[in-house]
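> First the structure, which I've put down as structure tokens, then a few questions once you've had a look.
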Amino acid sequence: MLTAVRAWILLSTLLVGIGWILSVVHELNYTGYVTMFALAGAGTMVWRQKVARASQRRTLPLPRRFLRRFRRPAPLLYLLLLSACFVAGALYPVINSDTNSYRIPRVLHWLNAGHWHWIHTLDVRENIVGCGYEWLTAPMMLFTGSDRFNFLINVASYVLLPGLVFSVFTRLQVRPQVAWWWMWILSAAWCYVLQSGSTVNDALAAVYALASVDFALRARESRHVADLWLSMLAAALATGVKQTVIPLGALWFIAAWPSLRMALSSPIATVFIGVVSLLVSIVPLTCLNIKYCGNWQGLARGLPNTWVNGSPFWRVVGNFFCIPVQNLALPICPWSGSWNRVMQRFLETPLGSHFVHFERFGYMTAGVSDTYAGFGLGLCLVTMISVVAARAFAPERSPSGLAPRDPILILLRVVPWFLLLVFMAQLTTFENARLLAPYYPFLLPVFLADPRQVELVNRGWWQMLALSSMILAGAVLATSRDRPLFPAQTIAGMLKSARPQSSFLSKLWSAYQWRSNLEAVGRFARKHLTGNMRTIGYATFNGDWEPLLSSPFGSRRVERVLPDDGDETLRQKGVDYLIMDHLYLEYEAHESIDHWVAEHHASLVDSFAFEFTLGSGVTATGHAYLVRLNDPVVSGNSGK
């Protein structure tokens, strides 16, 4: 495991660093990547010749070792979860709101331009949020012309999760028997399981954060400065994925503090690693946000005010309610619409007025998905029962059984709960349970370090409870509305046809039908967007169609159209055809399609209907249009 984690950190550092370096020299292309990979390969070969040593340790043949590791129920269930994650990711194309709206589009824009640049877009996330994950996907998308392999990044990180959990927990004085069980059941948290077959990146940040603390504590034990350097790189990579992970940097600093003097033993190498760490961290994007927006968060480009208003006190209070609601949600919630209406009425009360700045306060989805899943109902119950039940056992009084009181380790167990308060005081989004994925592992050792947990995990009923939580996670994964492992649309359609009056079956069918809407967009694009359309305009309220319009990647460029873009601006970009939807026309352009076509001297080529979900969770029907810009009329107005 240790070798694999080291290799993953170094590979991630290489890919993120290459992305920024090639952007600086405007060579983010085939030639640039091939050149950098060749240099990296040559450097690796030289390093291996100098430091590699043949191992004389006798080991069992690989197949036997593999089978022995997974012969017990808990690791076997984890192996089944890992296999199911891989199958789910391989079966389905990438259809995820955040990924399709800004993660994939931003990479396509960078590759088309040959470098990172500030994108002309309505979705500010394409510019201001961490892009560490995107730099990992860029070479795969460049060389394959597809996003179908992006899920492998999360699968690879999920492989490393159990070993890192065990290593960190035991170093934080959790007994090995307890850490062994929790390395498996924590890996069955819904946020990790559902994300491992998808392109959501919170679980990726969790692996980097765990590795940063693990290698920092290893450095204190081994006195090897290389472990300290790896911890620096892992901490930097974690912040580069998401700004919400920045507070966890305090844990790395606490863990690394006793070993920082070792860095002086190799000052030149330490400076080099420090520079590389800054390069792969959030620092480059922070500097760019300051340049373009005037602040490190990039809020000046139109981020909704509801994300930044409200007092920290009421943000914490609101999150004390919202985060448990999301974590304790059932896999299927047919009453979510009624719940959301109650929450809307609550916001109109004097007490509820303190939470109007939240994005969909108390919002509940119809079913758990990779976008909304947090710790998960199963793990929440196991954790609460474990904390309470352990108190029923007599405390361990043997002096030999008591762990030494190490101030560093005590801080590492306690500080995460204060960092949780910092998180809650800052964010008011409705996906906070998912965004907390990097924090969950660090919140448990303060309870699991109790010596009485050893007695608990040896009880048969507790082991059955733990295994049941893993089985439940597998069921949630298999029935996920994002990537079900059975013919969900067919079965749900048959049940709905058999009992059309059933409200529950109608909601079930609708839950699994949502993918069909984006698939319809893809069919429409393949029908009308021919090879000679090298550049098309894209004017929609939400941005999750852009990857479908760009497919196959490299065949055409998609330019986002803003309301102030006139005809002349569009023609300068080479745009002759535009995809528009009624939401853009209504909320951004403030006009009808007929008026827009007449004003811009355009022609309506075709249209199609699609379904979308309102903020309240209600499904509605929208309309999209393919418009052709005609040659400008000399006497007319060519701009808006």
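> If a residue must be buried (at least 16 other Cβ atoms within 10 Å of the Cβ) and under 16 Å from residue 216 (Cα atoms), how many such residues does segment 259-303 contain?
Number of matching residues: 6.
> Can you tell which of 329, 300 is closer than 26 Å to residue 100 by Cα and either modelled with pLDDT of 85 or more or part of a loop (DSSP other than H, G, I, E, B) (or both)? Break it down stepwise before answering.
Numbers: 300 fails: either modelled with pLDDT of 85 or more or part of a loop (DSSP other than H, G, I, E, B) (or both).
Exactly one of 329, 300 is closer than 26 Å to residue 100 by Cα and either modelled with pLDDT of 85 or more or part of a loop (DSSP other than H, G, I, E, B) (or both), namely 329.
> Within 19 Å of residue 204 (Cα to Cα), assigned by TED's automatic domain parsing to the domain that holds residue 219, free of Cβ contacts under 8 Å to residues at least 24 places away in the same chain and assigned to a helix (DSSP H, G or I): which single residue out of 86, 166 fits that description? Step through it out loud before you land on a result.
Numbers: 86 fails: free of Cβ contacts under 8 Å to residues at least 24 places away in the same chain.
Sole residue among the options that is within 19 Å of residue 204 (Cα to Cα), assigned by TED's automatic domain parsing to the domain that holds residue 219, free of Cβ contacts under 8 Å to residues at least 24 places away in the same chain and assigned to a helix (DSSP H, G or I): 166.
> Let me ask you something else. Could you give every pair whose Cβ atoms fall below 6 Å, whose first residue belongs to segment 471-482 and is among the aromatic types (Phe, Trp, Tyr), and whose second residue is modelled with pLDDT of 95 or more, counting only separations of at least 6 or pairs across chains?
Note: no pairs meet the criteria.
> Output the residues belonging to segment 437-460 that are under 20 Å from the mean Cα position of the chain (by Cα) and closer than 15 Å to residue 251 by Cα. Don't jump to the end; show me each part of the working.
Quick first cut of segment 437-460, residues under 20 Å from the mean Cα position of the chain (by Cα) only: 437-443.
Hits for segment 437-460 are 438, 439, 440, 441, 442, 443.
> Looking only at segment 13-29, which residues are in contact with a Leu (Cβ under 6 Å, 6 or more places away or on another chain) and either under 16 Å from residue 284 (Cα atoms) or modelled with pLDDT of 95 or more (or both)? Before the answer, list the steps.
Going residue by residue through segment 13-29, those that are in contact with a Leu (Cβ under 6 Å, 6 or more places away or on another chain) are 13, 15, 17, 20, 22, 28.
13, 15, 17, 20, 22, listed by residue number.
> Looking only at segment 175-192, decide whether some residue is over 14 Å from the mean Cα position of the chain (by Cα), of a type outside the set (Gly, Ala, Ser), outside any helix (DSSP H, G or I) and assigned by TED's automatic domain parsing to the domain that holds residue 140.
Narrowing segment 175-192 to residues over 14 Å from the mean Cα position of the chain (by Cα): 175-189.
Cutting the leftovers down to of a type outside the set (Gly, Ala, Ser) gives us 175-178, 180-186.
Checking the rest, the ones that are also outside any helix (DSSP H, G or I) come to 175.
Still in the list and also assigned by TED's automatic domain parsing to the domain that holds residue 140: 175.
Yes.
> Would you mind stating whether residue 159 is over 25 Å from the mean Cα position of the chain (by Cα) and surrounded by fewer than 24 Cβ atoms within 10 Å (Cβ to Cβ)?
Working: over 25 Å from the mean Cα position of the chain (by Cα): no; surrounded by fewer than 24 Cβ atoms within 10 Å (Cβ to Cβ): yes.
Spelling it out, it is not the case that residue 159 is over 25 Å from the mean Cα position of the chain (by Cα) and surrounded by fewer than 24 Cβ atoms within 10 Å (Cβ to Cβ).
> Now a separate question. Residue check: is residue 609 touching a strand residue (DSSP E or B) at 6+ places or on another chain (Cβ under 6 Å) and of a type outside the set (Val, Ile, Thr)?
Numbers: touching a strand residue (DSSP E or B) at 6+ places or on another chain (Cβ under 6 Å): yes; of a type outside the set (Val, Ile, Thr): yes.
Spelling it out, residue 609 is indeed touching a strand residue (DSSP E or B) at 6+ places or on another chain (Cβ under 6 Å) and of a type outside the set (Val, Ile, Thr).
> Moving on to the next point. What number of residues within segment 220-260 satisfy the criterion of being among the charged types (D, E, K, R) and either assigned to a helix (DSSP H, G or I) or touching a His at 6+ places or on another chain (Cβ under 9 Å) (or both)?
Of all residues in segment 220-260, those among the charged types (D, E, K, R) come to 220-221, 223, 227, 242.
Remaining after also requiring either assigned to a helix (DSSP H, G or I) or touching a His at 6+ places or on another chain (Cβ under 9 Å) (or both): 220-221, 227.
Residues in segment 220-260 being among the charged types (D, E, K, R) and either assigned to a helix (DSSP H, G or I) or touching a His at 6+ places or on another chain (Cβ under 9 Å) (or both): 3 in total.
> Another question about this same structure. Could you count how many residues in segment 548-575 are acidic (Asp, Glu) and either surrounded by fewer than 18 Cβ atoms within 10 Å (Cβ to Cβ) or assigned to a strand (DSSP E or B) (or both)?
3
> Right, here's the next one. Does any residue of segment 266-276 turn out to be under 21 Å from the mean Cα position of the chain (by Cα) and of a type outside the set (Ser, Thr, Tyr)? Steps first, please.
From segment 266-276, those under 21 Å from the mean Cα position of the chain (by Cα) are none; that's our starting set.
Among the residues of segment 266-276, not one is under 21 Å from the mean Cα position of the chain (by Cα) and of a type outside the set (Ser, Thr, Tyr), which makes the answer no.
> Do we find a residue being assigned by TED's automatic domain parsing to the domain that holds residue 611, within 25 Å of residue 599 (Cα to Cα) and not in a helix (DSSP H, G or I) anywhere in segment 513-531?
Yes; the residues of segment 513-531 include at least one that is assigned by TED's automatic domain parsing to the domain that holds residue 611, within 25 Å of residue 599 (Cα to Cα) and not in a helix (DSSP H, G or I).
For (1) among the aromatic types (Phe, Trp, Tyr); (2) more than 30 Å from the chain's Cα centre (by Cα), each residue gets a yes or a no:
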| position | (1), (2) |
| --- | --- |
| 469 | no, no |
| 483 | no, no |
| 490 | no, no |
| 497 | no, yes |
| 512 | yes, no |
| 526 | no, no |
| 534 | no, yes |
| 540 | no, no |
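The values are calculated or read from the model by the stated rules, or taken from the named source; none is laboratory data. All values derive from a computational prediction rather than experimental measurement. Methodologically, a virtual Cβ is constructed for each residue, glycine included, from the backbone with ideal geometry; neighbour enumeration extends over all protein chains shown.
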